[in-house]
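Only one structure is covered here, and it is reproduced in the block below.
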Amino acid sequence: MIQEESEEILNELPPGQRAREDFPRFGLPKYADRMPDDPIFRGLNIGGDAVDAVTLDPTTFFTASRIEQTSDFHCVTTWSYLNARWSGFRFADLFERLLAPHLHPGASVRLVVFRCGDGYRTALPIDDVTADDVLLADRLANSPLSLEHGAPLRLVAPAHYGYKNAKHIVGIDLWTDEQAFRKPGLAHYMDHPRGRVALEERGRVAPGWLLRVLYRRLIEPTVRRCRVTPGE
Ligand SMILES: Nc1nc2c(c(=O)[nH]1)N[C@H]1C(S)=C(S)[C@@H](COP(=O)(O)O)O[C@H]1N2
Ligand SMILES: [Mo]
C-alpha cells in the first residue's frame, strides 16, 4: 500500500507530459540540420540595451563554482526526460559576478535573450532565469555536453519548456524592456513569454490543453528529423 503511494508520487509529471526512456535531440525542423561544428567554448558575446557590449572570455567564465543538478526536462510537445544529470554554473551567480559589473548605471534588466550558434534565439524574464535551478550547463550524464545536446554550453531551466532551454549559446543580451524580443512571423504566437511547465504555458495564444493534443503528433517525426546519423 505504502509502496504504491510512493510510486505514484515518483511518477507524477506536470500536466500533459509523458516520460520517455531516451533523451532525443529535438527542435524545430528549421534547426534540424544546423548544428554548429565547433563544440569548443570560445566565450560569450554580451549585448542588449542594459550593458556596454562586451565579450566574456572562457577563462573568466570557468572561475565560477560548479553545480551538479539532477532535473527533469520537459519539451512543449509533451515528452519529458526524467533525472537528467547536468553539471555547469548557476546563471544567477554568473549574472551577479560577470554581467552585473557591465550594466549601465541605474539600468534594470527585465529580459534576457539567448543567442545560439545555429541561429536559434529565445528569451526569458530576468526573474525566471535567475531562479536557483537555472544553469548554464557544459556537462550531461558525467560527460562533456555533446553537440546534439547543445555543446559547448546550454541553458537548463527545468521549470520552463524545452524551447526556453537554449543550446549552443554564443551570446546573451540584457534588455531593460520586457518586450524587447519577438520571434518572427507566426512563431511569435507559439512562443509564450514565460513557458512555465507547471502552469502549462505552452503557447502565447492557444490554451495548453489544445496544444498538447496537436503537438503530440509531431514528436516521432521530429525525433527522426533531428536524429544525427554518424558520418553526416
Ligand atoms: N540552439 C537551439 N536551442 C534549442 C533548440 C534548437 O533547435 N536550437 N530547440 C529547443 C527545443 S524545442 C527543445 S525541446 C530542446 C531540445 O534539447 P535536446 O536536443 O537536448 O533534447 O532544445 C531547445 N533549445
Ligand atoms: Mo521542445
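A few comments on the model shown:
- Highest to lowest packing among 133-139, 218-224, scored as the average C-beta count within 10 Å: 133-139, 218-224
- Sum of side-chain charges, Asp173 neighbourhood, beta-carbon under 10 Å (Lys, Arg +1; Asp, Glu -1): +1
- Spatial separation of Cα centroids for the stretch 190-232 and the stretch 115-133, in angstrom: 17
- Distance between the modelled labels on Val205 and Leu13, one decimal in nanometres: 2.8 nm (7 Å Cα→Cβ projection).
- In the chain, a dipole from Cβ-located charges (positive for Lys and Arg, negative for Asp and Glu) runs towards its positive end, and of Ser80, Ala107, Cys226 it is Cys226 whose Cα lies farthest in that direction.
- From its DSSP helices (H runs of at least four residues, each -39,500 (n - 2.57)), the chain gives a residue-normalised ellipticity at 222 nm of -4000 deg cm²/dmol.
- Shape of the stretch 115-232, Cα gyration tensor, a/c cut at 1.5: oblate
- For the chain, the solvent-accessible area with a 1.4 angstrom probe is 52 square angstrom per residue.
- Relative contact order of the chain, pairs being alpha-carbon contacts under 8 Å that are 6 or more residues apart, as %: 25
- Cβ-defined net charge surrounding Cys116, 15 Å radius [Lys, Arg +1; Asp, Glu -1]: +2
- When a 1.4 Å probe is rolled over the protein heavy atoms, the share of accessible surface on the stretch 65-205 that falls to carbon and sulfur comes to 52 percent.
- Taking label points 7 Å from Cα along the Cα-to-Cβ direction, His102 and Val223 give a separation of 3.9 nm.
- Prolate/oblate/rounded call for the stretch 1-129, Cα gyration tensor, a/c under 1.5 rounded: prolate
The values are calculated or read from the model by the stated rules, or taken from the named source; none is laboratory data. Just so it is clear, the model here is predicted, and its values are computed rather than measured. Cβ: placed from backbone, ideal geometry, glycine included. Neighbour counts: every protein chain shown. Side chains included, ligands, DNA and RNA excluded: accessible areas come from the protein's heavy atoms. Shrake-Rupley method; radii C 1.70, N 1.55, O 1.52, S 1.80 Å.
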